Amino acid sequence: MRALSHVRVLDLTNVLAGPFCCHQLAHMGADVVKVEVPGSGDLARQLGGDPELNEKKMGVSFLAQNAGKRSIEINLKSPRGKELFRELVRTSDVVVENFRPGVMDRLGVGFDVLKQDNPKLIYCAISGFGQDGPLRDLPAYDQIVQGMSGVMSITGAPDTAPYRVGYPVSDTVGGMTAAFAIAAQLAQPDRTAHFIDVSMLEATLATMGWVVSNYLVAGTVPSPIGNNNFTASPSGTFKTGDGLLNIAANKQEQFEAVCDVIGRPELKTDERFAARQARLDNRAALTAELEAAMAARSASEWRQLMNDAGVPAGEVLSVPNVLAHPQIADRGMIGAFTDPPGVGRDIRLARTGYKIDGAPASVDAPPPTLGQHSAEILKELGYDDDGIQKLREEGAF
């Protein structure tokens, strides 16, 4: 459960991609120390659907991916603050930052400097476009990357695209890519210093393997097709007598089972639908036939019948619905913290999507208040109360 319990990560990141990366590492057991700007901290502290928490610098956007971390305020623009940060680097294994390329170098604490302090340092820089190339200096947020990656061009229906994916998918994918790369470098038996350059644009493209390869290999230009699966039919979202149902009948036997379940066995031999390519060519007609029959029952009823017949199917749920579903509730995906500091109420937060030896990955501590662990971490470095006070006076934190 605590594979990275021997690892310390310095998290200098803001908002989502970097914090999500370090969120994964914390759930693997790493000691993640969030190094924050004095007074303001991670911008996500001021973001989220609860204005009161935003005012407290404990915004929901911050709470979502900072549980299990410790927070220290360090002024990296102060000479003494830079020295203090370098002291921390000497006791750490990983540094993660998501500033624009070159910012850390200009502050005097870039990779070339820090690897002198720690010859085994893994330094991970997450940016919109990577550390080189013509776009390297441009600011990038999730929506910018979604648009430039081609994701928006294939999201939605022909009459509604381009559409943004409904959550920050490029930020999240960028963070997960970074966590994977860091974990891989940590696994080296004889580790030396390494610089990991994560591009959110490229990380997003990497997840689009099928549509990208269809263009690169087959010359097929991807297009928006709404809720349909471009590889098979009937595979997509269908109206029922009550609610929407996703069906993934990607095999011939699954299509034939769908026909039997809805009481339309004759569709199996209809020349418009009998063969795989014919079903793709006549998708609209097949959908009309299926939806006419499926109007007799609810999505929940059809889901059970389809799955009983070996056809993958599931209702289209809202976020509240899926969070209340026994499949999520019973697996420990949601963690709870009782009256965490700075929040003033109990909170529930999503963990990760895996279990190890039957137990969900979890962290023991709630998201930290700004600078909550400054004194604790400084004492670990050997400072006493007088030394900590002197650091304050010198503008280090």
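FYI, it's all coordinate maths here, none of it is from the lab. Note that the structure is a prediction, hence the values are computed from the model and not measured. Using ideal geometry, Cβ is built from the backbone for each residue, glycine included, and neighbour counts are taken over all protein chains shown.
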Efficiency by 1/(1 + (r/R0)^6): what FRET value for Y141 and D50, r their Cβ-Cβ distance, R0 = 25 Å, to the nearest 0.05? 0.70
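Relative to the present Cα-Cα distance, how much length would full extension add between V165 and E393 at 0.36 nm per residue of separation?
Numbers: separation 228, 0.36 × 228 = 82.08 nm, distance 4.72 nm.
Extra length available between V165 and E393 comes to 77.4 nm.
What is the extension gain from D339 to D260, computed as 0.36 nm multiplied by their sequence separation minus the C-alpha to C-alpha distance, in nm to one decimal? If you can, show how the numbers build up before the last one.
Details: separation 79, 0.36 × 79 = 28.44 nm, distance 5.35 nm.
Taking 0.36 nm per residue and subtracting the Cα distance, the gain is 23.1 nm.
Using unit Cβ charges (K, R positive; D, E negative) and no other charged atoms, how large, in debye to the nearest 20, is the dipole of the stretch 235-316 about its Cα centre? Kindly include the intermediate steps, with their values, before the conclusion.
On the way: 10 positive and 13 negative charges, 40 e Å.
Charge dipole of the stretch 235-316: 200 debye, to the nearest 20.
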Round to a whole angstrom and tell me the spacing of the C-alpha centers of the stretch 163-217 and the stretch 274-323. 33
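Give the shape of the stretch 36-163 as rounded, prolate or oblate, defined through the alpha-carbon gyration tensor: a ≥ b ≥ c are the square roots of its eigenvalues, a/c under 1.5 means rounded, and otherwise the shape is prolate if a/b is larger than b/c and oblate if not. It would help to have the intermediate numbers written out before the result.
On the way: a/c = 2.56, a/b = 1.41, b/c = 1.81.
Because a/c hits 1.5 or more and a/b fails to exceed b/c, the stretch 36-163 counts as oblate.
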Which label marks the calculated value of Cα extents along the principal axes in Å, given the options (i) 67, 54, 33; (ii) 93, 42, 41; (iii) 85, 47, 42? (iii)
Distance cut-off 27 Å, Cα to Cα: go down the list K251/K355; K34/K82; K34/K120; K56/K355; K56/K120 and report the pairs above it. K251/K355; K56/K355; K56/K120
For a label point 7 Å from the Cα of K120 along Cα→C-beta, name the residues of the stretch 174-204 whose backbone N is under 14 Å from it. 185-194
For the chain, with +1 on Lys and Arg beta carbons and -1 on Asp and Glu, the positive-most of A179, G41, P367 along the dipole: A179
